[in-house]
Amino acid sequence: MPTNPYAWLDESLATIHRADWYRSVQTIHGRPGATVVLAGQEVINFASNDYLGLAGDMRLIAAAIAAIAEFGTGSTGSRLLSGHRELHRELEEAIASIKQTEDALVFSSGYLANLGTITTLVGKRDLIFSDQYNHSSLKNGAILSGAAVVEYPHCDLTVLKTQLSQQRQNYRRCLILTDSVFSMDGDLCPMSALLDLADKFSCMLLVDEAHATGVLGKTGAGCVEHFGCTGKQLIQIGTLSKALGSLGGYVAGSSALIDFLRNRAPTWIYTTGLSPADTAAALAAIKIVQQEPQRRAKLWENVHSLKNLLQQQLPNLELLRSQSPILCFELSSAADALKAEKQLRDAGIFAPAIRPPTVPTSRIRISLMATHEAAHIEKLVAVLKDIC
């Protein structure tokens, strides 16, 4: 008798449950914001990547509605066939402008931008060095490229330099991959030093600015601007779905890079163009980032306020090193993290437990928004005092 070829699914799910790694969706009702309704309960939202509070902004909503009225609900095809609209090019020009690069290319998601770019730039004759804590899209892009992949310890440039000196000469091309803001820790990559190593060993450097765009830098251009690296030779990738409150991804860099990706990146060539609504909303968001620096200033005011309150009232709570609006504290097990998440939720705080395999050690992840009020932050600290 043949065996059931799908029986392993139930066994694997049981293993996930036993390890406290099981995940399920949680439905948010209504418009996103600093407070949301979750399963019928109003909670203060510390789980969102909507750092500037733009996902529910009426100007983005109006821009999306206007785009739908003019262009319809979908792009109807790939950008090289029937899917290109003038809005797409306007958005790419706006991204290139804020990033101060020669050109930019918009993808249908940040994940697709990373997969397509990495697999287009390197292949079986090449070498990738990837930070240990990089996002899944960077790691999977590296694997799919077919290049030799070496993970270096998180932000450890001493080890990276040694690895480069030992292996770089054996390969045609070399690509260094890193997040600029590490989304599950909140720390920043050592960008200037990475650029120096890339230059010394003739490597390309790809930096994922997903959690930095709109948040860091004098004009909100991201970590590249924050570290004074604007105009230097590197590849910048990011999303439109976090501080910009929309959906999609982008690559920004030289005109030659962008032209090459238009002709070779499979995740751009063979997928439907970003919807008119998402494109218009992202374009509106970039204008707001440029015209309203006070929104970014309020975000950082909230970050500093929370850090100060925690230091004063919970001096023994050890936060992971963070230079971003993402603050995390570790717990001894996935079960403890889930327990802390439930205690926070019962008290009206939505701050998720992040567990393996996403991270090596379980933690509570708190992300700040410009639209959080002082009372929201004070309540979070009061609840943490009760449970920690």
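The values are calculated or read from the model by the stated rules, or taken from the named source; none is laboratory data. Fair warning: this is a prediction, and the values are worked out from it, not measured in the lab. Glycine also receives a Cβ, built like all others from the backbone with ideal geometry; neighbour counts cover every protein chain displayed. Heavy atoms of the whole protein, side chains included, go into the accessibility calculation; ligands, DNA and RNA do not. Shrake-Rupley method; radii C 1.70, N 1.55, O 1.52, S 1.80 Å.
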log₁₀ I(q)/I(0) of region 261-302 at q = 0.27 Å⁻¹, via Debye over equal Cα point scatterers, no solvent, to two decimals?
-0.89
Quick one: grab Rg to one decimal and Dmax as a whole number for region 1-96, Cα atoms only, in Å.
21.5, 62
For region 76-120, what size does the Cα cloud have along each of its three principal axes, sorted from largest down, in whole Å?
29, 27, 15
Report, for region 119-200, the % of DSSP beta bridges that are antiparallel, rounded to 5.
10 percent
Order of 136-149, 158-171, 38-51, 361-374 by packing, highest average Cβ count within 10 Å first?
361-374, 136-149, 38-51, 158-171
Please work out the Kirkwood hydrodynamic radius for region 52-193, using every pair of different C-alpha atoms, and report it in angstroms with one decimal place.
17.8 Å
Which one of Trp21, Trp268, Trp300 has the biggest mean-square fluctuation once the chain is modelled by GNM with Cα springs under 10 Å?
Trp21
Counting Lys and Arg as +1 and Asp and Glu as -1, each charge on the Cβ, what is the dipole of the chain about the Cα centre in debye, to the nearest 20?
440 debye
So for region 92-170, what percent of the C-alpha to C-alpha distances run longer than 21 Å?
41 percent
Ignoring ligands, DNA and RNA, what percent of the accessible area of region 90-189 is carbon or sulfur (1.4 Å)?
48 percent
Expected 222 nm ellipticity per residue - DSSP helices of 4 or more, -39500 (n - 2.57), all of the chain, to 500:
-13000 deg cm²/dmol
Most mobile of Val37, Val207, Val224 per a Gaussian network model of the chain (Cα springs, under 10 Å)?
Val37
What's the center-to-center distance, using Cα atoms, between region 163-219 and region 115-140 in Å?
12 Å
Please list log₁₀ I(q)/I(0) at q = 0.19 Å⁻¹ for region 231-388, using the Debye equation with identical point scatterers on the alpha-carbon positions.
-1.18
If you average the sequence gap of Cα pairs under 8 Å that are 6 or more apart and divide by the length of the chain, what percent do you get for the contact order?
23 percent
Solvent-accessible area, 1.4 Å probe, carbon plus sulfur percent, for region 202-298
51 percent
Antiparallel as a % of all DSSP beta bridges within the chain, to the nearest 5?
55 percent
Please enumerate, by chain and number, the lysines with C-alpha under 18 Å from the C-alpha of Lys342, excluding those fewer than 8 residues away in the same chain.
Lys379, Lys385
Over all directions, region 142-286 yields a Cα convex hull whose mean projected area in nm² is 9.5 nm²
Rounded to whole Å², per residue accessible area for the chain with a 1.4 Å probe reads 45 Å²
When each pair of different Cα atoms in the chain is counted once in the 1/r mean, what is the Kirkwood radius in angstroms, to one decimal?
22.0 Å
Taking the Cα centre of each part, how many Å lie between region 18-75 and region 294-320?
24 Å
How charged is the neighbourhood of Pro190? Take every other residue with its Cβ under 11 Å from the Cβ of Pro190, and add Lys/Arg as +1 and Asp/Glu as -1.
-4
Compute the relative contact order of region 33-146 as a whole-number percentage, counting only Cα pairs closer than 8 Å that sit 6 or more residues apart in sequence.
14 percent
Give the peptides 55-61, 105-111 in descending order of average Cβ contacts within 10 Å, highest first.
105-111, 55-61
Rounded to two decimal places and with Rh computed the Kirkwood way over Cα pairs, what is Rg over Rh for region 299-388?
0.93
Applying a 4.7 angstrom Cβ cut-off across the chain, unpaired cysteine residues come out as Cys155, Cys189, Cys223, Cys229, Cys328, Cys388
For region 249-388, what relative contact order do you get, as a whole percent, if you take Cα pairs closer than 8 Å and at least 6 residues apart?
23 percent
